[in-house]
Amino acid sequence: MKTKITFIMLFLIASIKLVGQEETQLSNKDGVKITYQLLLEDQGKKKDSYLLIVNATNTNDKDLYYKVALNQNQNGQFELPYAPSERGFTKITVRNSTGLFGDGQSIIGNETKLMTTNNEQLFKIGKGDIYSQETTFKVKKGIKPLLTNLFNKTLQVLEDFDLKISQDMLDGNYTSSCGDLKVNISTQNSEEKGEHLIQTTNGKQFVWLQTTESTFERENNTGYTLVFNKKNNTYTYATSDGITCTWTKN
């Protein structure tokens, strides 16, 4: 019984010690704040062991993004790099760690399906979101850990990137500036028509054949064109007799 009580007391003391650790700000870039907490876990004869908790917080009122260059494998396919340091946007390092390679922790944002025209994949740091990582390390006995942080990616808003047009961007429900018509767009692919769009309006369907990455022509009527603007997620609908409408995504 005494053993059980002792264990509970030690657990509570350890918990209070961890909770009571001061959270220290290490750096701040573009509104993304890096803070950490240190917990002394063990004092050995030659080395002290620590638990490091790192938090990255997006204090902005908008989402931020960064790009990660993809590697091309032997099959010609593009894939993300394996190393967390290449996929992360910042890395905190213990400079005087006794680890063989030095100890550090990369923080990685949320992977998205968005791609740039240079075959880079975007990662998102959501507004108000907190990203946490933990790691343990050792330093020589009695030595205070020396921590530094490096932002290794440029953080930007989505509009700053030159994105590839994707199915997620094209598909959806839109409202036309001409008569507030409701338009649904879905992308399709077939051997006969290749990449094309299906427009559904008031129960009627129209097929748009792709002529460039962002331009489409109405099937059987080249006098109708549709141009997708990836900067603001709109379509420009135009006819040969001068009618122009903007379809805005809902």
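For the subset of the stretch 88-118 comprising residues that are over 23 Å from Val68 (Cα atoms) and hydroxyl-bearing (Ser, Thr, Tyr), which member is modelled with the lowest pLDDT? Checked the stretch 88-118; the qualifying residue modelled with the lowest pLDDT is Thr98. For the stretch 141-151, taking the residues that are surrounded by 13 or more Cβ atoms within 10 Å (Cβ to Cβ) and assigned to a strand (DSSP E or B), the one that is nearest to the chain's Cα centre (by Cα) is identified as Phe151.
Determine, yes or no, whether Glu192 is exposed (fewer than 13 other Cβ atoms within 10 Å of the Cβ), of a type in the set (D, E, K, R) and free of Cβ contacts under 8 Å to residues at least 24 places away in the same chain. Yes. Of note, Glu191 satisfies the criterion of being among the charged types (D, E, K, R) and closer than 30 Å to Ala238 by Cβ. Suppose the filter is at pLDDT below 95, out of contact with any helix residue (DSSP H, G or I) (no Cβ under 9 Å at 6 or more places or on another chain), over 13 Å from Thr90 (Cα atoms) and surrounded by 18 or more Cβ atoms within 10 Å (Cβ to Cβ); does Lys138 pass it? Against the criterion (at pLDDT below 95, out of contact with any helix residue (DSSP H, G or I) (no Cβ under 9 Å at 6 or more places or on another chain), over 13 Å from Thr90 (Cα atoms) and surrounded by 18 or more Cβ atoms within 10 Å (Cβ to Cβ)), Lys138 qualifies. Taking the stretch 166-183 only, how many residues are surrounded by fewer than 14 Cβ atoms within 10 Å (Cβ to Cβ) and touching a residue at least 60 places away in the same chain (Cβ under 8 Å)? Qualifying residue count, the stretch 166-183: 2.
Being over 30 Å from Arg87 (Cα atoms), surrounded by 13 or more Cβ atoms within 10 Å (Cβ to Cβ), touching a residue at least 40 places away in the same chain (Cβ under 8 Å) and within 34 Å of the chain's Cα centre (by Cα) is a condition met by no residue of the stretch 201-208.
The values are calculated or read from the model by the stated rules, or taken from the named source; none is laboratory data. None of the values given here were measured: they were computed from a predicted structure. FYI the Cβ positions are ideal-geometry reconstructions off the backbone, even for glycines, and counts take in every protein chain you see.
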